[in-house]
Amino acid sequence: MVTSQIFKATTDGDLSFLLSLKPEQLTDKVVDEKGANCCHYASRAGRVDVIEYLVQSRHFNHQKRSEVGSTPAHDAAASGKLTTLQWLLKNARPPLSEDDQDGTGATILHLAARYGHASVVEWILDNTQNDLTVIKAASGAIPLHFAASGGSMDTVQILLKESPRCVNISPSVMVEHLYNLCFVKQLIIHAIL
């Protein structure tokens, strides 16, 4: 019961409840059935205030991975929580690697692209040092493929503008047809063909 209350307070931004917890009650070892801790929950909810408190005051590991290998930064990108992602990449110590891949090989750019978070994709492209557009996930898919499968034409266009040559990068044969079908479907829907 206490664990669910902790996750709810984390998601809701209830710092007074979190402050009232004893040190042994609020640690980064408190996880859900998928291995996500409070930093993951706060990232998904866009609660920078909670993440800052957990990392700086409670010494949570902001790089802790869930069972699927995602860090809080992966969760922030997938949820479209730009301010949270910015804080994690710019303020957390030790710094997070912008090209870190989760258990499926997805980077923050893959995830933001997959879920159609165009403003997050633009910020990542403008504020990271590495060329994340060509990093392949375990399936062989690059962020452009993730964007196409997610159905966000805005995100597809941003990625094509940033790296037009990435259209020639093909995912593994097993998933290539799926991505191609999703991409063509989006082109048809948006009357580009």
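Applying the selection to the range 118-144, what residues are under 18 Å from Leu82 (Cα atoms) and open to solvent by 50 Å² or more (accessible area, probe 1.4 Å)?
Ser119, Glu122, Asp126, Asn127, Gln129, listed by residue number.
In the list Thr83, Thr104, Thr11, which residue meets the criterion of being in contact with a Lys or Arg (Cβ under 8 Å, 6 or more places away or on another chain) and not aromatic (Phe, Trp, Tyr)?
Numbers: Thr83 fails: in contact with a Lys or Arg (Cβ under 8 Å, 6 or more places away or on another chain); Thr104 fails: in contact with a Lys or Arg (Cβ under 8 Å, 6 or more places away or on another chain).
Step by step, each of Thr83, Thr104, Thr11 is checked, and only Thr11 is in contact with a Lys or Arg (Cβ under 8 Å, 6 or more places away or on another chain) and not aromatic (Phe, Trp, Tyr).
Only residues that are of a type in the set (Gly, Ala, Ser) and over 13 Å from the mean Cα position of the chain (by Cα): list them for the range 30-53, please. Please lay out each step first, then the result.
If we filter the range 30-53 for residues that are of a type in the set (Gly, Ala, Ser), which is where we start, we get 35-36, 42-43, 45-46.
Result: Gly35, Ala36.
Only one of (1) of a type in the set (S, T, N, Q); (2) open to solvent by 30 Å² or more (accessible area, probe 1.4 Å); (3) at pLDDT 80 or above; (4) over 14 Å from the mean Cα position of the chain (by Cα) fails for Ser170. Which number is that?
With (1) of a type in the set (S, T, N, Q); (2) open to solvent by 30 Å² or more (accessible area, probe 1.4 Å); (3) at pLDDT 80 or above; (4) over 14 Å from the mean Cα position of the chain (by Cα) applied to Ser170, the lone miss is (3).
Which of the helices (runs of 4 or more DSSP H) found entirely inside the range 25-89 contain at least 3 residues meeting this: open to solvent by 30 Å² or more (accessible area, probe 1.4 Å)?
Working: elements: 38-45, 48-56, 72-79.
Filter on the range 25-89 gives 38-45, 48-56.
The values are calculated or read from the model by the stated rules, or taken from the named source; none is laboratory data. Note that the coordinates shown come from a computational prediction; the quantities given were computed from them, not determined experimentally. FYI the Cβ positions are ideal-geometry reconstructions off the backbone, even for glycines, and counts take in every protein chain you see. Only protein heavy atoms, including side chains, enter the accessible area calculation; ligands, DNA and RNA are left aside. Shrake-Rupley method; radii C 1.70, N 1.55, O 1.52, S 1.80 Å.
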